[in-house]
1. I'd like the residue in region A:82-115 that is part of a strand (DSSP E or B) and modelled with pLDDT of 90 or more and, out of all such residues, is farthest from the chain's Cα centre (by Cα).
2. Only residues that are assigned to a helix (DSSP H, G or I), of a type outside the set (A, V, I, L, M, F, W, C) and within 8 Å of chain A (Cβ to nearest Cβ): list them for region B:182-199, please.
3. Evaluate the following for B:Ser169: is it at the interface with another protein chain (Cβ under 9 Å from one of its Cβ atoms) and either part of a helix (DSSP H, G or I) or modelled with pLDDT of 95 or more (or both)?
4. When region A:116-139 is examined, which residues are found to be of a type outside the set (Val, Ile, Thr) and assigned to a loop (DSSP other than H, G, I, E, B)?
5. Check region B:204-219 and report whether any residue there is within 14 Å of chain A (Cβ to nearest Cβ), of a type in the set (Phe, Trp, Tyr) and surrounded by 14 or more Cβ atoms within 10 Å (Cβ to Cβ).
6. Go over the candidates B:Leu170, B:Leu186, B:Leu161 one by one and state the one that is within 16 Å of the chain's Cα centre (by Cα), surrounded by 18 or more Cβ atoms within 10 Å (Cβ to Cβ), within 28 Å of A:Ile180 (Cβ to Cβ) and not acidic (Asp, Glu).
7. Scan region A:151-210 for residues that are more than 20 Å from the chain's Cα centre (by Cα), within 23 Å of B:Leu71 (Cβ to Cβ) and among the basic types (Lys, Arg) and jot them down.
8. Go through (1) of a type in the set (A, V, I, L, M); (2) buried (at least 16 other Cβ atoms within 10 Å of the Cβ); (3) more than 12 Å from every other protein chain (Cβ to nearest Cβ) for B:Leu126 and report which single condition fails.
Amino acid sequence: MLNMGNQNMKLKSLLLATFFAAGLSAAQAAEGELSIGTEGEYPPWSMADSAGNVTGFDADVGNLLCAKLEMKCNFVVQAFDGLIPALKAKRFDIIISGMSITAERKKQINFSAGYAELANMFVVKKDSDLAGIKDIETLLKSLDGRTVGVQAGTTHAHFMEKRASSAVLKTYDTLDQMQIDLASGRVEAAFADASALQDFLARPDGKEFQFVDVKVLSTVDPTLGEGIGVGIAQENTELKARIDKALCALVADGSIGKASQTWFKTDISRPCQ
Amino acid sequence: MNFELVLLAVPTLAKGFWLTAVLTLISVAIGFNLGLALAVMRLSKNKAFSSFAKGYSTVFRGTPLLVQLFLFYYGLGQLSFVRDNPVLWWIVGDGVHCAVMALALNTAAYTSEILRGGLMSIPGGLVEAAQACGMSRLLCFRRITFPLAIRQALPAYGNELVLVVKGTSLASTITVLEITGHAKRLMSQTYAILEVFAIAGVLYLLINLVLITLVRLLEAHLTRYLPR
């Protein structure tokens with residue numbers, strides 16, 4: 001009886017030890033492992049299945065980066081607006097989630113050099129009077145009083161707040177929710193990455209919609225960033241140097257361009273300066 | 001704590017304060033009446049009425065409010081007959097209306113259980129005495145049963161009111177800009193999570209303090225003839 005009790009105690013402490021070890025490795029990231037925060041609900045950038053496997057352009061960039069750094073990738077799925085707080089809380093080492101580099105985000109975290117950049121666009125119903133607009137100034141003026149959907153915490157949301165403040169802005173936790181509301185007519189226009197919206201247009205509920213033929217690039221307004229980079233904690237300067245070097249090499253040898261062709265049918269890789 | 005951020009956050013969150021109050025007020029007004037009807041149905045001798053009320057309260061108390069909100073807002077919004085019906089779309093199409101509906105239906109389920117407890121606590125002798133005096137069933141309910149039941153149920157109902165106020169924060173997930181909705185937006189603009197959510201918490205506390213005080217005053221008023 002006594003012996004049994006002892007064994008139980010041992011088992012318990014062993015279990016406890018395992019839990020603590022697991023907790024530590026998640027927090028500190030064991031040597032040789034790179035934990036990557038990604039959204040997991042932003043096709044074709046980052047899609048997580050129910051088993052936690054992540055695919056998409058972000059996953060490809062992550063895996064290429066891990067291979068270059070000779071580390072093991074470990075993806076952590078987290079809602080987009082919680083990625084920066086979670087990185088600061090050391091839930092993971094880096095963010096790869098199609099995150100644009102902006103001045104506001106730079107106050108919070110560090111970024112690698114931009115490795116990709118793509119156009120942002122508006123999607124509206126085909127019969128909307130906004131559909132035929134060709135220049136950005138007319139478009140922003142015409143949005144006055146209209147409901148526009150954006151994803152919460154994105155550069156698109158900041159851009160809309162700054163440049164089209166007279167529009168009624170609806171913010172969504174995920175892009176899927178925004179697209180449901182676009183399809184059901186709760187919002188008149190949606191503003192996001194052209195690539196993500198392309199995905200919506202290809203779906204059955206997107207067939208009544210089209211792009212407004214205005215490519216909104218980061219040259220229009222600095223809120224739209226300096227391209228897309230890997231988010232790194234500010235104090236982690238050594239890791240930043242290694243990631244910058246690896247990314248430059250991956251862009252230069254065409255690996256990132258190739259991944260981009262797979263997911264976007266176009267090369268969005270951005271050569272490092 | 002950054003004082004400048006506090007100055008920026010307070011007026012923004014105050015805008016959400018009124019919407020939170022309005023959401024609570026309307027959904028409680030609808031939910032109380034619906035809950036009262038359900039409690040009476042539940043205690044009715046009619047099998048169909050009582051089992052409907054029982055099923056309703058099981059379904060709405062047994063599923064999370066967030067799931068109900070998503071079902072009504074995103075789920076119903078995908079059905080074309082809902083979209084083509086102007087009355088249904090008026091309710092489901094707008095985030096605020098949809099939130100009021102979900103909150104009202106949810107609180108009705110809890111209210112019905114609370115009021116049922118109050119109604120069941122009325123001694124049968126009181127009702128019989130009222131009937132012996134010649135009161136109709138409706139008059140007896142209005143003069144005897146309901147006032148006594150509400151006195152019994154008020155402490156538990158005060159608790160439910162506080163839960164409704166806190167439940168309104170879930171409306172932020174369906175694009176409603178109440179306190180939490182504004183707080184989330186401010187968070188992604190400033191990243192000042194501590195300041196923004198501390199103020200949001202204080203605003204909820206303010207609403208609930210007022211509500212709790214009102215319920216206590218009402219309780220004191222209703223029990224003024226009772227010995228202490």
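1. Pass one, region A:82-115, residues part of a strand (DSSP E or B): A:94-95, A:100, A:110-111.
Filter again for modelled with pLDDT of 90 or more, leaving A:94-95, A:110-111.
Details: A:Ile94: 12, A:Ile95: 8, A:Asn110: 15, A:Phe111: 13 Å.
Top of the filtered list is A:Asn110.
2. B:Lys184, B:Arg185, B:Ser188, B:Gln189, listed by residue number.
3. On the way: at the interface with another protein chain (Cβ under 9 Å from one of its Cβ atoms): no; either part of a helix (DSSP H, G or I) or modelled with pLDDT of 95 or more (or both): yes.
Answer is no for this residue.
4. Taking region A:116-139 as the starting set, the residues that turn out to be of a type outside the set (Val, Ile, Thr) are A:116-122, A:125-132, A:134-135, A:137, A:139.
The answer is A:Glu117, A:Leu118, A:Ala119, A:Lys126, A:Asp127, A:Ser128, A:Asp129, A:Leu130, A:Ala131, A:Gly132, A:Lys134, A:Asp135.
5. Applying the first criterion (within 14 Å of chain A (Cβ to nearest Cβ)) to region B:204-219 yields none.
No; the residues of region B:204-219 include none that is within 14 Å of chain A (Cβ to nearest Cβ), of a type in the set (Phe, Trp, Tyr) and surrounded by 14 or more Cβ atoms within 10 Å (Cβ to Cβ).
6. Unique residue meeting the criteria: B:Leu170.
7. Those that are more than 20 Å from the chain's Cα centre (by Cα), within 23 Å of B:Leu71 (Cβ to Cβ) and among the basic types (Lys, Arg): A:Arg186, A:Arg203.
8. Only one criterion is unmet by B:Leu126, namely (2).
The values are calculated or read from the model by the stated rules, or taken from the named source; none is laboratory data. Not measured: the values here are computed from a predicted model. Quick reminder, even Gly has a Cβ in these numbers, built from the backbone with ideal geometry, and neighbours come from all protein chains shown.
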